[in-house]
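Remarks on the structure that follows.
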Amino acid sequence: MRRLAAGFCLWAGAAQAWEFSATPICTLLHDDDAFTLRVTYDATLPEYRLVLSLRDAPWPGGQTFAITFDGDRPIAIATDRHELSESNTTVSVTDRGFGNVLNGMEFNRTAIATLGDRQIAIPLDGAAEPVRQFRACPAPGLV
């Protein structure tokens, strides 16, 4: 019985790793020991924003920020229109369309974010349902 209870606690914790919130703007959040990943949609702009903040060390400089999604529907996305925070611990990307990012998060098992020679593995276990909630967020124009 203890094993069953312990297993349930682990399962419940993993399910909470990805969170969705509709207020104040549509937000997906994954908070990990090594990083925080936040995807937002602000209907007043209208604009999506992905923010990936590292806890242990800064991002190196790099011309291209990329995310490769591995799983049932693999896809690779890259941009040179990213911004680094002053401390280089946070990289952000803003765009008016994020369909490929949302598809990658919903339908795959892992994402690898790359900037310069640094790669961060992002587990996507438990992301599918919060991504679907994000897509259904009551903001106009959300894909």
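Since every read-out is calculated from the coordinates, none of them should be taken as a lab result. Predicted, not measured: the structure shown is a model, and the values here were computed from it. Reconstructed Cβ throughout: ideal geometry from the backbone, glycine too, with neighbour counts over all protein chains shown.
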Which distance in nm do the two modelled labels at ASP80 and ALA66 give, with both placed 7 Å along the Cα-to-Cβ direction? 1.4
Please list, by residue number, everything in segment 36-78 whose backbone N is under 18 Å from a paramagnetic label point 7 Å out along Cα→Cβ of ARG132. 72-73
Quote the Stokes-Einstein diffusion coefficient, in whole µm² s⁻¹, for the chain, based on the Kirkwood radius over alpha carbon pairs, a temperature of 25 °C and a viscosity of 0.890 mPa s. 155
Over the alpha carbons of segment 89-137, what is the largest minus smallest coordinate on each principal axis, giving the biggest first in Å? 35, 25, 17
